[in-house]
Amino acid sequence: MRAIWKGAVSFGLVNVPVRLFSATENHDVQFRQVHEKDGGRIKYQRICSIDGEEVPYSDIAKGYEAADGQMVILSDVDLKSLPTRTTKEISIEKFVPSEQIDPLLFDKSYYLEPDKTGLKPYVLLRDALEKADRMALVTVSVRTRMTLAVLRVREGVIVLQTLLWADEVRKPEFESLSEETHATQKELAMASSLVDSLSGDYEPDEFEDDYSEAVAKLVETKIEGGDITETPEAKGEESEVVDLLAALQRSVDKAKAARSGGSAASAASGAASSATGTDGDGGTAGRSASKSTAKKTAAKATTAKTAAKKTTAQKATTKKATTKTAAKKSTKKAS
């Protein structure tokens with residue numbers, strides 16, 4: 001399991017560092033809505049009820065519908081002004097008798113695991129709850145809203161169970177039960193006898209979800225029998241790819257038009273690129289060939305300069321040698 005929240009239980013002057021884990025998981029059978037003809041999944045679009053247009057998620061705001069049907073749109077600034085709590089504390093308000101908490105108020109259940117540093121105070125709180133046979137009524141903010149919850153012990157682990165607010169529980173107002181109607185003594189005796197004959201202990205493993213098992217076997221049988229619908233790719237995804245290719249092609253065409261409308265030098269460069277094998281993919285081959293030709297030309301120019309320097313140096317050396325020889329001959333004749 002993965003912790004979804006970290007905080008501490010405030011127990012008097014003691015803080016117990018804990019981690020929160022989801023205690024339950026949903027195993028309900030999940031079906032997909034598909035098109036019977038081809039097995040394609042059914043998609044839902046965000047359509048405006050006024051103009052009938054599809055609304056992107058970025059244009060969707062939060063609205064509150066008043067009792068008279070008027071809609072009040074709340075901005076991000078409005079939402080930030082609402083009271084929120086981001087505290088990482090589970091504050092114990094009081095310890096109440098377990099029978100005072102109606103099970104109908106229970107909402108979601110979480111396991112509390114102590115950190116190594118908080119093991120001893122965790123065990124102290126757990127044992128105190130078991131001995132007193134009470135639940136700890138707490139306030140906690142798992143996300144942003146403060147909510148009521150209780151701490152109770154289950155199999156040696158402290159469980160945090162969030163509670164519904166009092167106004168979230170509906171009152172059972174049924175006209176058929178308004179009259180004072182009671183069973184007769186004979187009927188009550190027969191019902192009591194039936195209760196006694198069916199009395200027993202609750203064993204969770206005694207009952208199984210036969211519906212889920214039947215669905216799993218049915219699906220497995222169909223797969224083994226080859227009764228499978230090959231679902232093609234959604235058309236919406238293909239259209240997105242086509243639109244992307246069209247956008248790229250328009251970009252290439254626009255770039256070509258810009259190059260063709262440039263200066264004469266640009267036109268000459270384009271002609272050179274065409275001569276060296278420019279294709280319709282944006283002239284990559286032509287640019288590569290042009291770069292290669294430019295590099296070769298630069299290399300030749302460098303070689304020519306080097307050769308010219310060598311020739312000049314050789315001429316200068318020969319000239320100096322000739323001058324020295326002539327000077328020596330002149331000296332001998334004079335002597």
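The values are calculated or read from the model by the stated rules, or taken from the named source; none is laboratory data. The model shown is predicted, which means the values in this text are computed figures rather than measured ones. Using ideal geometry, Cβ is built from the backbone for each residue, glycine included, and neighbour counts are taken over all protein chains shown. In case anyone asks, the SASA skips ligands and DNA or RNA and just uses the protein heavy atoms, side chains included. Shrake-Rupley method; radii C 1.70, N 1.55, O 1.52, S 1.80 Å.
Would a scan of region 223-242 turn up a residue that is modelled with pLDDT under 65, farther than 18 Å from ILE42 by Cα and open to solvent by less than 100 Å² (accessible area, probe 1.4 Å)?
yes
Tell me which residues, restricted to region 34-51, are surrounded by fewer than 10 Cβ atoms within 10 Å (Cβ to Cβ), charged (D, E, K, R) and either under 22 Å from THR229 (Cα atoms) or in contact with a Lys or Arg (Cβ under 7 Å, 6 or more places away or on another chain) (or both). Talk me through it step by step, then tell me what you get.
Looking only at region 34-51, we keep the residues that are surrounded by fewer than 10 Cβ atoms within 10 Å (Cβ to Cβ), and these are 36-37, 42-45, 49-51.
Narrowing the set further to residues that are charged (D, E, K, R) leaves 36-37, 43, 51.
Once the filter is applied, which keeps residues that are surrounded by fewer than 10 Cβ atoms within 10 Å (Cβ to Cβ), charged (D, E, K, R) and either under 22 Å from THR229 (Cα atoms) or in contact with a Lys or Arg (Cβ under 7 Å, 6 or more places away or on another chain) (or both), region 34-51 yields GLU36, LYS37, LYS43.
Identify, from the list ASP68, ASP76, ASP102, the residue that is over 22 Å from ALA8 (Cβ atoms), open to solvent by 70 Å² or more (accessible area, probe 1.4 Å), under 27 Å from the mean Cα position of the chain (by Cα) and of a type outside the set (A, V, I, L, M, F, W, C). Walk me through how you get there before you give the answer.
On the way: ASP68 fails: under 27 Å from the mean Cα position of the chain (by Cα); ASP102 fails: under 27 Å from the mean Cα position of the chain (by Cα).
Sole residue among the options that is over 22 Å from ALA8 (Cβ atoms), open to solvent by 70 Å² or more (accessible area, probe 1.4 Å), under 27 Å from the mean Cα position of the chain (by Cα) and of a type outside the set (A, V, I, L, M, F, W, C): ASP76.
Filter region 110-125 down to residues that are open to solvent by 80 Å² or more (accessible area, probe 1.4 Å) and over 15 Å from GLY12 (Cβ atoms) and give me whichever is nearest to the chain's Cα centre (by Cα).
Taking region 110-125 and keeping what is open to solvent by 80 Å² or more (accessible area, probe 1.4 Å), we get 116-117, 119-120, 124.
Remaining after also requiring over 15 Å from GLY12 (Cβ atoms): 116-117, 119.
Values: LYS116: 31, THR117: 33, LEU119: 34 Å.
Per the stated criteria, the residue is LYS116.
So which strands (runs of 3 or more DSSP E) are wholly in region 52-170 and hold at least 2 residues that are in contact with a helix residue (DSSP H, G or I) (Cβ under 9 Å, 6 or more places away or on another chain)?
Details: elements: 62-65, 71-74, 89-97, 106-114, 134-140, 147-154, 157-163.
Ranges flagged: 89-97, 106-114, 134-140, 147-154, 157-163.
Residues in region 13-27 that are touching a residue at least 60 places away in the same chain (Cβ under 8 Å), in a loop (DSSP other than H, G, I, E, B) and either under 30 Å from LYS88 (Cβ atoms) or open to solvent by less than 100 Å² (accessible area, probe 1.4 Å) (or both): how many?
2
Of the residues GLN161, GLN100, which single one is of a type in the set (S, T, N, Q), farther than 27 Å from MET1 by Cβ and modelled with pLDDT of 90 or more?
Of the residues listed, the single one that is of a type in the set (S, T, N, Q), farther than 27 Å from MET1 by Cβ and modelled with pLDDT of 90 or more is GLN100.
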